[in-house]
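None of the figures in this text is laboratory data; all of them are computed from the coordinates on show. Bear in mind that the values here come from a model prediction, so they are computed numbers and not experimental data. Here the Cβ positions follow ideal geometry from the backbone for every residue, glycine too, while neighbour counts run over all protein chains shown.
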Amino acid sequence: MTCAEFAERFDAWLAGTLTDADARAVEQHAAECAACGARLSAVSQVGAISREIPPPPALREITLRAVAQRRAIARWRRMAAGITAVAAIALLFLISRPTSKPASDFPGTSTELIAMAHARPELADLDAAERDVEHALHDQPADSALTGALTRIRRQREALRRLVTQAKL
Amino acid sequence: MPAGETLIDATIAAAQRGDEVAFASIYDAQAGRVFALCLRLSADRAQAEELVQDVFVRVWERLASYRGESAFATWLHRVAVNTVLERARSGGRRRLRVQIAADFANIETVPDGAVERVDLHQQIDLETAVAMLPAGARAVFTLHDVEGYGHAEIGVLLGIAEGTSKAHLFRARRLLRQRLEQ
């Protein structure tokens, strides 16, 4: 192969459209000719491009903090679904119970006991979620999503406590 | 099973249970490749750093769905590619979306010289040359030559025809060759 033939076929070699035999001929010529070999080695440098570039060291903490914040919000959302169910049970009890109870009644109906049994772990989870979000807010005080989550956690906990207190009456 | 693989599996399992230290180990092992992908697709360091955060938040969100059907690194980088391209399409990273879309639309009409923005006296290294590629060509080059995707898959990921992907790759390699030979 001559240098002119190499030049003619180089773009096709680059595009991968040559037959295997033609591609080998181009590579063979590049191995024998210093000038054409230099063109090929420039392209080989492209093939050796690194798959990794070190990120800035500070990005590690920023990224892991972003993940922790998302974890705190996700945990609160999971609990919110459970709390809604507990609140619904407690509300059902409040609506359906008689306005006055005989003194001899067993302390609590089955609905009331179920509501209280469910409420205790949910309240504990809400306390844990509050701590998580407060911790995240300490790092990111301007994060409005976290502030909103904290407000909703506290509101839900108070609403749940009110329902449980009323269920005990 | 090799000891190293067991260790990796244990780390992934711990991260799936919410272990923050284990997740940090995953970050340490994969951040370099994820950052390279984000940087090459966006050609903008600040944007790439935001994308890395998006990718690892998404990885954490989807970690529970990883069942070990493929190598963890392969799974993670697929999540990374999808996250970056979704961000580009959604408008959350509008500039990246506009660059890529415009470049795909104009492959036949934009002369290569139009994207030359380099001082010819400047020392050009490989990363700089990649960063100067038109956005569409850069995306295809990164996915094909660096990440190892095929043209059919790139076509699906980027919403372009397989032939368009090949054309962009050819253009990218040609431009890189020209710049590296200067």
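Among residues other than B:VAL156 whose Cβ falls under 15 Å from its Cβ, what is the net charge (Lys/Arg +1, Asp/Glu -1)?
Details: positive: B:ARG78, B:ARG89, B:LYS166; negative: B:GLU86, B:GLU147, B:GLU153, B:GLU162.
Net local charge, B:VAL156 excluded: -1.
Let me check against my output: what whole-number percent is the relative contact order of region B:3-90, with C-alpha pairs under 8 Å and at least 6 apart?
The normalised contact order for region B:3-90 reaches 23 percent.
With r defined as the distance between the Cβ atoms of A:ALA21 and A:ALA58 and R0 fixed at 56 Å, what FRET efficiency is calculated, to the nearest 0.05?
0.60
In a Debye calculation with equal point scatterers on the alpha-carbon sites of region B:3-90 and no solvent, what is log10 I(q)/I(0) at q = 0.15, 0.19, 0.26 Å⁻¹?
The Debye formula, applied to the Cα set alone, gives -0.54, -0.83, -1.36.
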